[in-house]
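Data first, discussion second: the structure below is written as structure tokens.
The values are calculated or read from the model by the stated rules, or taken from the named source; none is laboratory data. Keep in mind that this is a model prediction, so the values were computed, not measured. Because the Cβ atoms are built from the backbone with ideal geometry, glycine has one as well, and the counts that use them run over all protein chains shown.
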Amino acid sequence: MSAEQGGRGLHPDTLAVGHGYDPSEAWGAAKPPIVLTSTFVYPSAQAAKDFHRAFFDGATEAEHGGPIPDGFIYSRLGHPNLDMVERRVAALDRAEDTACFNSGMSAVSTVALAFLRPGDSVVYSRPIYSGTDNLLHKVMVDFGVHVEGVIDACDAAQIRAAAEAALAKGPVALFMLESPANPTAAIVDIALVRRIADEIGVRQGRRPLISVDNTFLGPLLQNPAEHGADLTITSLTKYCGGHSDLLAGSVSGSKDLIGQLKSLRMILGNHMEPFTAWLMLRSLESLAVRTERACANALTVATFLRDHPKVASLTYVGFLPEGSPARAVYDRQCAGAGSTFSFAPHGGEAEAFRFLDQLKLLKNAVSLGGSETLICHPATTTHYSIPRERREASGITDATLRLSIGLEHPDDLIAEMARGLDAG
Ligand SMILES: *Cc1c(COP(=O)(O)O)cnc(C)c1O
């Protein structure tokens, strides 16, 4: 049963609860077992040969003269919990297939290694997750990949200018996008990038692939594929995991592209392991209710901050000005504003630090998308390794604070923030 066939017609909330696991596969257990084994016993020598043929050659039914027996071989190649979670994430991303990894960066890095070759160019939206920024600027450049950034990816002229600069250095193999961006909430017009990628494809004889890091909104609030993306990347560590207790990542797309990622994953050995996959299955069951509550809380907190005299700026995407290009893209592309955004108190680092250090309920930590509210100072933490010039050009100042609003009662969050702002 493919993810698509299995998921047809059901709402995402429903798919998130049970899709990908059939109790009849495991003694009728209502919930999936965790299959902790590194290797699998073949039923016969011929079965072993068939399994390998199915896995490595993708032997077709026609070639085989009937259904190809396939089974698990060794856990680095695939294991039952990985299959279950991949079916479920594929259904939520409305994709043919999904590959799951042991972290979000593992997913991003495998996309870069699979689809970029020496001499190629990559165009990325700025700012991009700092790990991805480091991957492109510190690792991929040493492999001979040219890297070009674009700040306003709702603006056709800016995207074209970046694409031309990239094309002058080498064929554009990949647009690596992230929307909304971290921590500025900059929006990328995915459909516009797709049109420009199509134009470049005609000129260079190969359409660049488009990947979108969907971590900030997750599968229920944005579906990049619907707007022309080939690959949807998610750090499952964040909203999908939802409890700040695991690291995981996924990439969804066509069977062909995901097949290439799975082949590379087998070589790199960066698959998601059974216990994490099991935790993910459990976490996804509550994704819809967690998303709804976190979004509602975030709107309440963002409204409080917007109206507070000690707050200099706020990047909540729900408040993008009506009539702006970013607003139009947001309305078309997103089903909600998520719960991660930034604000800046008046002043600089000293004012931001003073505010942070009096907090107790809000925890000063990096990461986002957990049940608890987290806050951090990007310039000195998440974006510490990004050169000041690139950081400031993409809107991260010395006063910027990033918030990931969790599931607490919003009045408690607001009361604590009000005390801090009023004292500052
Ligand atoms: C956290 C994050 C990643 C990396 O995920 P890890 O699971 O920490 O490796 C990638 N992209 C975005 C937008 C993120 O927030």
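Taken over segment 138-152, the criterion of being under 21 Å from PHE216 (Cβ atoms) and surrounded by fewer than 22 Cβ atoms within 10 Å (Cβ to Cβ) is satisfied by ILE151, ASP152. Beta carbons closer than 6 Å, at least 6 apart along the sequence or on distinct chains, pair a first residue in segment 378-399 that is more than 15 Å from GLY347 (Cβ to Cβ) with a second that is of a type in the set (A, V, I, L, M, F, W, C) for PRO378/ILE396; THR381/VAL366; THR382/VAL366; HIS383/ILE396; ILE396/ALA379. Selection of segment 402-418 for residues being more than 21 Å from the chain's Cα centre (by Cα) and either surrounded by 14 or more Cβ atoms within 10 Å (Cβ to Cβ) or among the hydrophobic types (A, V, I, L, M, F, W, C) (or both) yields GLU408, PRO410, LEU413, ILE414, ALA415, GLU416, MET417, ALA418.
From the list PRO224, PRO208, PRO219, the lone residue that is under 10 Å from the mean Cα position of the chain (by Cα) and over 24 Å from ARG391 (Cβ atoms) is PRO219. Taking segment 94-170 and the helices (runs of 4 or more DSSP H) fully enclosed by it, the elements with 2 or more residues that are touching a residue at least 60 places away in the same chain (Cβ under 8 Å) and more than 16 Å from the ligand (Cβ to nearest atom) are at 104-115. One residue is enough: does segment 296-304 have a residue meeting the conditions surrounded by fewer than 16 Cβ atoms within 10 Å (Cβ to Cβ), in a helix (DSSP H, G or I) and among the small types (Gly, Ala, Ser)? There is at least one residue in segment 296-304 that is surrounded by fewer than 16 Cβ atoms within 10 Å (Cβ to Cβ), in a helix (DSSP H, G or I) and among the small types (Gly, Ala, Ser).
If you take the residues in segment 196-220 that are touching a residue at least 24 places away in the same chain (Cβ under 8 Å) and surrounded by fewer than 19 Cβ atoms within 10 Å (Cβ to Cβ), which one is nearest to the ligand (Cβ to nearest atom)? Only one residue tops the list, namely ARG206.
Is it the case that some residue within segment 49-57 is loosely packed, with under 11 Cβ neighbours inside 10 Å and either farther than 21 Å from ALA90 by Cβ or modelled with pLDDT of 70 or more (or both)? Taking every residue of segment 49-57 in turn, at least one turns out to be loosely packed, with under 11 Cβ neighbours inside 10 Å and either farther than 21 Å from ALA90 by Cβ or modelled with pLDDT of 70 or more (or both).
ASP230 - would you say it is surrounded by fewer than 18 Cβ atoms within 10 Å (Cβ to Cβ), of a type in the set (Asp, Glu) and away from the ligand (no atom under 11 Å from the Cβ)? Against the criterion (surrounded by fewer than 18 Cβ atoms within 10 Å (Cβ to Cβ), of a type in the set (Asp, Glu) and away from the ligand (no atom under 11 Å from the Cβ)), ASP230 does not qualify.
Which residues, taken from segment 247-268, are surrounded by fewer than 21 Cβ atoms within 10 Å (Cβ to Cβ) and within 16 Å of the ligand (Cβ to nearest atom)? Those that are surrounded by fewer than 21 Cβ atoms within 10 Å (Cβ to Cβ) and within 16 Å of the ligand (Cβ to nearest atom): LEU247, LEU268.
Of the residues in segment 288-308, none is away from the ligand (no atom under 16 Å from the Cβ), more than 20 Å from GLY338 (Cβ to Cβ) and not assigned by TED's automatic domain parsing to the domain that holds ASP331. Just so you know, in segment 233-246 the residues that are crowded, with 23+ Cβ neighbours inside 10 Å and of a type in the set (A, V, I, L, M, F, W, C) include one that is farthest from the ligand (Cβ to nearest atom), and it is CYS240. Within segment 343-357, the set of residues being in a loop (DSSP other than H, G, I, E, B) and out of contact with any Lys or Arg (no Cβ under 7 Å at 6 or more places or on another chain) comprises GLY347, GLY348.
Among residues of segment 318-372 being within 16 Å of the ligand (Cβ to nearest atom) and among the hydroxyl-bearing types (Ser, Thr, Tyr), the one that is nearest to GLU408 (Cα to Cα) is SER339. Is it the case that VAL289 is on the phi < 0 side of the Ramachandran plot and surrounded by fewer than 18 Cβ atoms within 10 Å (Cβ to Cβ)? So VAL289 passes the test.
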